[in-house]
Amino acid sequence: MIRSVIGLVFLIPFVAFGQQTERKLQISPDVHFRMYWMSTSYWDTYKDDYALGTSLNLGTKLNYIKHWELRVGYRVFANLLSSDLTALDPVSGGRNRYELGLFDLLNQGDRIFGKLENFSLTYSKGNWGIAAGRMPINEDWVNAHDGRLSPTGIEGVKAWFTADNQLRFSAWGIGRMSVRGTSEWLSVGESIGVYPVGRNLIGNASLYAGNTLSDWIGIAEVARDGESMNLSLSTTMVQNISNTLWAKAEKRWQKEQSEIVWFWGIQAGFQSGLGNGGNEDSLYRYKDAEDRNWAVSTRFRYNRSAWDLHLAYTKTGGNGIWLSPREWGKDAWYTFVPRERNEGNSALDAFTAFAEYTFPNTTLRAFAHLGFHWLPPLDAPWKNKYNMPSYRQINMGMKYSPKSKPKLDFQLLAMNKEAFRGQNLKPNQKYNKVGLIHVNGIVNWRWD
């Protein structure tokens, strides 16, 4: 159905050509180059890994008839240097988790590959518009999460409308996914299971990869951005899998002529299973259709001149496990810390702190993230899907963009995760999870 709609939308310009008198060809470049170094080292005698990869998106934006825009982009990837990322860790028997995601998870031997990343047509006029094709996305539970050589993208249709009272309505219909770390466009069901699958309810390896049946994702959102208050309400329905309701309110305070700005935000969500959870056979099922989960997340933020400070807390609970495919981007809650996700648990308590400082008269920013995450017991796979211990995480890094070359930026991130004491961990509960130092160095150059 979605492909038929896309085909119909792509035919509209040919009708419009005969009706429009103003035609002017405008071509704008849309180029993105990225170089990415990643390494992971362990305190214990687990397998260390490293990789240097690069990607280049060659794209363009074309405008010929008023209100219409065509976007095309093809991205090429290359593994320039790496350890043996396909070799198993000799102690735990596990596979590499981080560095392998820079390249093609579906064809792990490929050192050079590419994919058509963007191919979309947009019609926009005043306060409304519609787009169809392959394009980026940034919604609560389906988003780019651009932390590798390319972001996650979707193939489908998007429509939006802004009312006079500043209410914004938007809707997505998604039929295919381009998972970051892959070279292929997959159906919704096929995209679930590209990343590690964790455990099923009785503790064995999950078998839902390649066996999940879901044809589409539908997202609807209404939002209002005011001078001091932002509100939004969305629903994310994954056919035959789940439905996630998500609400958010954010308040901003600033005294007149004061440099100090205070923010407070709160999120609340409810997720329920749908259909048969992806497969009639419980052995191949992704989600239990009887799951009913809730989540509440809040954040306080202080901003003054060079400083930006956050404190956040998230609590989840209910029956079953909150699941959102890791292939589809990052968690929506405020306590998300890059390089780890907390979905896949029946209950969660997470507390995080963030601090960022911008050096005066420069574009150099230094930041630090601290997170404490209390997860369900490891011996309860029906509560803790990914066999992840409760842990503490520290991220530290810097971002810099030269004033003379604003299209160029550099990023450095160092991350450490450690398990809370007293958990008596097995090797497969440490490797890829805790007791590690993970380093990222990124160079970006954009021309658009």
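Observations
- Residues located in the stretch 42-53, provided they are touching a strand residue (DSSP E or B) at 6+ places or on another chain (Cβ under 7 Å) and either surrounded by fewer than 17 Cβ atoms within 10 Å (Cβ to Cβ) or not in a strand (DSSP E or B) (or both): Asp48, Tyr50
- Odd one out for Ser82 among (1) without any contact (Cβ under 8 Å) to a residue 40 or more places away in the chain; (2) among the hydroxyl-bearing types (Ser, Thr, Tyr); (3) out of contact with any helix residue (DSSP H, G or I) (no Cβ under 7 Å at 6 or more places or on another chain): (3)
- Filter result for the condition that a residue is among the aliphatic types (A, V, I, L, M), under 24 Å from Phe33 (Cα atoms) and surrounded by 16 or more Cβ atoms within 10 Å (Cβ to Cβ), over Leu413, Leu375, Leu436, Leu348: Leu413
- Within the stretch 55-69, considering residues that are touching a residue at least 40 places away in the same chain (Cβ under 8 Å) and surrounded by fewer than 17 Cβ atoms within 10 Å (Cβ to Cβ), the one nearest to Ser183 (Cα to Cα): His67
- Put simply, of Leu106, Leu121, Leu116, Leu88 the only residue that is surrounded by fewer than 18 Cβ atoms within 10 Å (Cβ to Cβ), of a type outside the set (S, T, N, Q) and farther than 27 Å from Met388 by Cα is Leu116.
- Selection within the stretch 276-303 - small (Gly, Ala, Ser), buried (at least 19 other Cβ atoms within 10 Å of the Cβ) and in contact with a strand residue (DSSP E or B) (Cβ under 7 Å, 6 or more places away or on another chain): Ala295, Ser297
- Some residue of the stretch 381-389 being in contact with a Ser or Thr (Cβ under 7 Å, 6 or more places away or on another chain) and hydroxyl-bearing (Ser, Thr, Tyr): no
- Within the stretch 358-448, strands (runs of 3 or more DSSP E) holding 2 or more residues that are touching a Lys or Arg at 6+ places or on another chain (Cβ under 9 Å), under 16 Å from Val337 (Cα atoms) and aromatic (Phe, Trp, Tyr): 365-374
- Here is the figure for the stretch 114-159: residues that are at pLDDT below 95 and of a type in the set (A, V, I, L, M) total 2.
- For beta carbons closer than 7 Å, sequence separation of 6+ or different chains, a first residue in the stretch 367-394 that is within 13 Å of Ala419 (Cβ to Cβ) and a second that is among the acidic types (Asp, Glu), the qualifying pairs are Trp374/Asp349; Tyr391/Glu418; Arg392/Glu418; Gln393/Glu340.
- Scope the stretch 304-322; condition surrounded by 18 or more Cβ atoms within 10 Å (Cβ to Cβ) and either in a loop (DSSP other than H, G, I, E, B) or small (Gly, Ala, Ser) (or both); matching residues: Ala312, Gly320, Ile321
- With respect to (1) within 17 Å of Pro381 (Cβ to Cβ); (2) in contact with a Leu (Cβ under 9 Å, 6 or more places away or on another chain); (3) modelled with pLDDT of 95 or more, the lone exception for Ser282 is condition (3).
- Val222 being in contact with a Leu (Cβ under 7 Å, 6 or more places away or on another chain) and surrounded by 14 or more Cβ atoms within 10 Å (Cβ to Cβ): yes
- Any hit, the stretch 131-138, residues being out of contact with any Lys or Arg (no Cβ under 8 Å at 6 or more places or on another chain) and without any contact (Cβ under 8 Å) to a residue 12 or more places away in the chain: yes
- Sub-8 Å Cβ pairs linking a first residue in the stretch 163-186 that is in contact (Cβ under 8 Å) with a residue 12 or more places away in the chain and more than 16 Å from Leu100 (Cα to Cα) to a second residue that is β-branched (Val, Ile, Thr) and in a loop (DSSP other than H, G, I, E, B), at least 6 apart or interchain, are Trp172/Ile137; Trp172/Val142; Ile174/Ile137; Ile174/Val142; Met177/Thr152; Ser178/Thr152, ordered by first then second residue.
- Residue that is closer than 30 Å to Ile202 by Cβ and either within 24 Å of the chain's Cα centre (by Cα) or not charged (D, E, K, R) (or both), where the choices are Gly441, Gly435: Gly435
- In the stretch 156-203, the residue that is farthest from Lys330 (Cα to Cα) out of those that are part of a loop (DSSP other than H, G, I, E, B) and among the acidic types (Asp, Glu) is Asp164.
- From Ala289, Ala209, residue being part of a loop (DSSP other than H, G, I, E, B), of a type outside the set (Asp, Glu), closer than 25 Å to Arg148 by Cβ and free of Cβ contacts under 8 Å to residues at least 24 places away in the same chain: Ala209
The values are calculated or read from the model by the stated rules, or taken from the named source; none is laboratory data. Keep in mind that this is a model prediction, so the values were computed, not measured. Cβ sites come from the backbone with ideal geometry, for glycine too, and all protein chains shown count toward neighbours.
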